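Every number here is computed from the coordinates shown, using simple stated rules; none is lab data. Remember, predicted model here, so these are calculated numbers, not experimental data. Positions of Cβ are generated from backbone atoms using ideal geometry, with glycine treated the same way; all protein chains shown enter the neighbour counts.
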Ligand code: ADP
Ligand code: XUL
């Protein structure tokens, strides 16, 4: 019983194929956008731009990657014809703009052309703003005011207005390019765009990814009329429906059956955001645990029964694909900040890890604020790395400083989520790094666990496909039963906190908080 999860993330398209019969991951693979598709000119998955606050990528690239991934799976003789359902995970907040023709084009795909050819015919905007874009502060301010201020916006949509959220991005497009906005018949998220290609129809958006738009009523899980009004004219007509995360759109697009031999009866399940999918893929289907994803962004999240918002307006509430809600905080200076420090000193990841081993917890009081790019939490619009008691020439201390800062910042800014976690599940590309996980365990003073796959989002997407299929076939599906065989941590994977180091970080936290506050006041 095979189910496929796809993960269209910032830097890559990946897949996780699972077999529900024996709880195993059958195949995992990934295509790195920069390396596999150099003709788009992306750097770390995004297009260079003269204004560093404008960060777009290409929907044509995402479509091409989907074709290529299926080609490779077919060439490697994966049992594509036996897959029962497919779902996916998309980098959150990013948006794709298409003309009225999209619906027909996706329904009757040209099987002689590629997915890219099909998509190119219906784009009303050639590129897509993604979550790293921070160019919409004016739009955020206008929408926040229209919604009645920060607290009212948080209560209405689950989050304060954020630059990367889709609502402010749509507002900017509508006001800067009114002609192209008028030509736009359909606005999709990355998740619903990819889901549309898979299903051969305009796809709904699920409450997991819908929560990242500042446009969804977080209580009712419907479009929020006031937010749509505050965003852009005639927006309701351009948005798809919102549908539960277990929604089945129908069978997969005949294009995929014809080209890659997918089962014509395989179900296409609505996609969700990468963080909501990672929530499922790390097994957090019920409240009480926390996961940290060290992907391009660093995120910290957990499931919540009720909608509890962040009074400081830094965190978010999204719908959980397992029902109820999830809380999340997102740091932009995640993997790419660690990479910048690593590259600055000509280190490999092995060298970076060795530097963490050579230095002491607490870094002898040396502190860094790794704001290489504008930061989301805390909100920093003018970037710039800050150092205290830290010599920029000292490679090893800088490696330790960036990781310690990230972990201390996560701990400080997640306090609104309530009780301290009793353990943390780590996922994402950097969760393969044992030294980074040791610092995580020490700063949070809790054990950290890893799973077989570092792609929690892709696994979560596959589990969501299995859940939706089981629910439709059998009338019921137990999340715990489904997810447990795949999400249980590897027995040897626990990273235990070191009590001495944990006590040291407890003392260091106020100094770090003060340094952050000082730097924010100055900037
Ligand atoms: P995304 O899904 O957001 O595209 P991934 O979860 O695939 O990102 O993570 C990619 C990141 O993982 C890379 O940018 C890289 O910095 C990081 N990474 C890969 N290997 C290591 C390692 N050994 N140590 C630390 N970070 C690593
Ligand atoms: C979450 C966020 C990022 C993206 C890309 O709010 O902006 O985590 O989903 O991974």
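Descriptive notes on the structure:
- Over the range 408-491, the Kirkwood radius and the radius of gyration, each from Cα atoms, give a ratio Rg/Rh of 1.06.
- Estimated distance in nm for a label pair at residue 265 and residue 358, the labels positioned 7 Å out from Cα along Cα-to-Cβ: 6.1
- Normalised contact order of the chain, rounded percent, pairs of Cα under 8 Å and 6 or more residues apart: 16
- Principal-axis tilt of helix 166-176 within the chain, Cα atoms, nearest 10 degrees: 70
- Ordering of 502-510, 436-444 by burial proxy (mean other Cβ atoms within 10 Å per residue, highest first): 436-444, 502-510
- The range 2-277, relative contact order in percent, only Cα pairs under 8 angstrom and at least six apart counted: 22
- According to the calculation over all Cα-Cα pairs in the chain, the P(r) per 10 Å bin from zero is 4, 20, 31, 27, 14, 3, 0 %.
- Rounded to the nearest angstrom and listed largest first, the equivalent-ellipsoid semi-axes of the range 213-281 from its Cα gyration tensor are 30, 16, 10.
- Cα long-axis angle, helix 349-358 against the chain (0 to 90 degrees, to the nearest 10): 30
- Highest mean packing first, where packing is the average number of other Cβ atoms within 10 Å per residue, the peptides 157-170, 265-278 line up as 265-278, 157-170.
- Viscosity 0.692 mPa s, 37 °C: Kirkwood-radius Stokes-Einstein D of the range 139-182 over Cα pairs, µm²/s: 306
- Going from the fewest other Cβ atoms within 10 Å to the most, the residues 238, 474, 182 appear in the order 474, 182, 238.
- Only helices enter this figure: runs of n ≥ 4 DSSP H residues, each worth -39500 (n - 2.57), summed and divided by the residues of the chain, yield -12000 deg cm²/dmol at 222 nm to the nearest 500.
- In percent, rounded to a whole number, the relative contact order of the range 366-438 is 26, using alpha-carbon pairs under 8 Å and six or more apart.
- The range 2-277: proportion of alpha-carbon pairs further apart than 31 angstrom, %: 23
- Pair-distance distribution P(r) for the range 327-448, from all Cα-Cα distances in 10 Å bins starting at 0: 13, 47, 35, 6, 0 percent.
- Angle in degrees between helix 434-444 and the longest Cα principal axis of the chain, rounded to the nearest 10: 70
- Average silhouette area of the range 13-88, convex hull of alpha-carbon atoms, in square nanometres: 6.3
- Burial ordering of 49, 467, 112, fewest other beta-carbon atoms within 10 Å first: 112, 49, 467
- Residues 330, 307 arranged by fewest to most Cβ contacts within 10 Å: 307, 330
- If you take the Cα centroid of the range 1-73 and the Cα centroid of the range 193-244, the two points sit 23 Å apart.
- Whole-angstrom gap from the range 92-121 to the range 255-274, using each part's C-alpha centre: 15
- Considering only the chain, percent of DSSP beta bridges that pair antiparallel, nearest 5: 75
- When the range 147-291 is reduced to its Cα atoms, the Kirkwood hydrodynamic radius in Å: 16.5
- Using bins of 5 Å that start at zero, the share of Cα-Cα pairs per bin across the range 180-236 amounts to 4, 18, 24, 25, 21, 7, 1, in whole %.
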